[in-house]
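Here the structure comes first, spelled out in structure tokens, and everything after it is commentary.
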Amino acid sequence: MAITEPAPRTPEALTSEERTPEERTPEGRTPEEPRRLTSPLVLTITLLLLVLLQGPIRRSLSAPVMQSWTTVFVAVVVQALPFLVLGVLLSAAIAVYVPPSFFARALPSRPSLAVPVAGMAGAVLPGCECASVPVAGALVRRGVTPAAALAFLLSAPAINPIVLTATAVAFPRNPEMVLARFVASLLAACAMGWLWQRLGRTDWLRLPEHAPHEGETKGAAFWDSVRHDVMHAGGFLVVGAMAAATLKAVAPESWLRTAADNPAVAVLTLAVLAVILSICSEADAFVAASLTQFSLTARLAFLVVGPMIDLKLFAMQAGTFGRGFALRFAPATFALAITSALLTGWILL
């Protein structure tokens, strides 16, 4: 049987990798390939637009409203950023270098006792909410009772030393807010853990199949976690700072005063705002401190609800444990967090 050789391919049919260096453009493209929109090109276009529009931009920024907005925005970001970076570094180190088996050995065998112990572990193990979800998934996968893992998931982002220190810095004239945040968050985390132990069903919880960063070296996993959390949490910090600045500068004072004067409406308003803004727990205290129209109890609800359930956490919990779990876990956590904040605020604030 005769063997036929493949027909020679025309230059137009060759891929970019098959072309010789002489057939490529200086940018590495072949002549017929479209130019891609790269990051340097986007930056160059942005800078050119800023130069061309500097007059209108300068006039708009000189307006009193924009000056007030810029002052609040910069103040929130500058105050919160060091705590956010430190929290991300520590949470990445714990997620990568502390083996999940450590938690399994340290927790009591009885679930009712393991829940408060796991909740208190959040006070000594810094971690933002982005890191607490995969850590809780690893605990469940290694055999830790789900009730204890969920208590740790809720408490770690809310009562760790970085968050409490940031709260003290954000509320220098109200040091009782630090204790109130610690008590309310720990109470809500333990209550949710015990509620899951009593009413939760195994078919509601989908066990995670594999560990995060599986197959990577510890160093690579650490820096991947740091890069992801800094970009992720930093973006939400900017959004939160923009929202706080907008509320302070643009929202009519009468609207805020009307919401703030009604205790129930004020608490519910800031609790919903915490869910929508999805601010990292290392930075949310500075946003709460800027909302001076509201009572300390309402701002406490903002600080308790945010690290436990918000839009990004709902998505992460659904992806880790299943949508059925998230649809049951999120409303119960929201209600318990508000109740705990109200009770703690009534006693301590």
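The values are calculated or read from the model by the stated rules, or taken from the named source; none is laboratory data. None of the values given here were measured: they were computed from a predicted structure. When we count neighbours, we look across all protein chains shown, and the Cβ atoms used for this are built from the backbone with ideal geometry, even at glycine. Note: accessible area is taken over every heavy atom of the protein model, side chains too, but ligands, DNA and RNA are not part of it. Shrake-Rupley method; radii C 1.70, N 1.55, O 1.52, S 1.80 Å.
Only residues that are modelled with pLDDT under 70 and in contact with a helix residue (DSSP H, G or I) (Cβ under 8 Å, 6 or more places away or on another chain) were counted in the stretch 55-73, giving 3. A search for C-beta distances below 6 Å between a residue of the stretch 150-178 that is of a type in the set (D, E, K, R) and any residue that is assigned to a helix (DSSP H, G or I), counting only pairs 6+ apart in sequence or on different chains, returns 176/348. In this structure, does residue 150 turn out to be in contact with a Gly (Cβ under 6 Å, 6 or more places away or on another chain) and more than 26 Å from residue 77 (Cα to Cα)? Judged against the criteria, residue 150 is a match.
Of all residues in the stretch 39-67, those that are closer than 20 Å to residue 242 by Cα have Cβ atoms under 7 Å from Cβ atoms of residues that are modelled with pLDDT of 75 or more and assigned to a helix (DSSP H, G or I), 6 or more apart or on another chain, in 60/66; 61/70.
All of 115, 76 fail the test of being modelled with pLDDT of 75 or more, over 24 Å from residue 223 (Cβ atoms) and touching a Gly at 6+ places or on another chain (Cβ under 8 Å), apart from 115. In the stretch 255-305, the qualifying residues are those that are in contact with a Gly (Cβ under 8 Å, 6 or more places away or on another chain) and of a type in the set (Val, Ile, Thr), and the one that is nearest to residue 186 (Cα to Cα) is 297.
Going through (1) within 30 Å of residue 137 (Cβ to Cβ); (2) among the β-branched types (Val, Ile, Thr); (3) at pLDDT 85 or above; (4) open to solvent by 60 Å² or more (accessible area, probe 1.4 Å) one by one, residue 169 falls short only on (1). The combined condition, being surrounded by 19 or more Cβ atoms within 10 Å (Cβ to Cβ), under 28 Å from residue 302 (Cβ atoms) and at pLDDT below 85, is fulfilled by residue 133. Residues in the stretch 291-312 that are open to solvent by 20 Å² or more (accessible area, probe 1.4 Å), part of a helix (DSSP H, G or I) and either at pLDDT below 90 or aliphatic (A, V, I, L, M) (or both): 296, 311. The condition of being of a type in the set (S, T, N, Q) and under 15 Å from the mean Cα position of the chain (by Cα) holds for only one of 295, 254, 278, that being 278.
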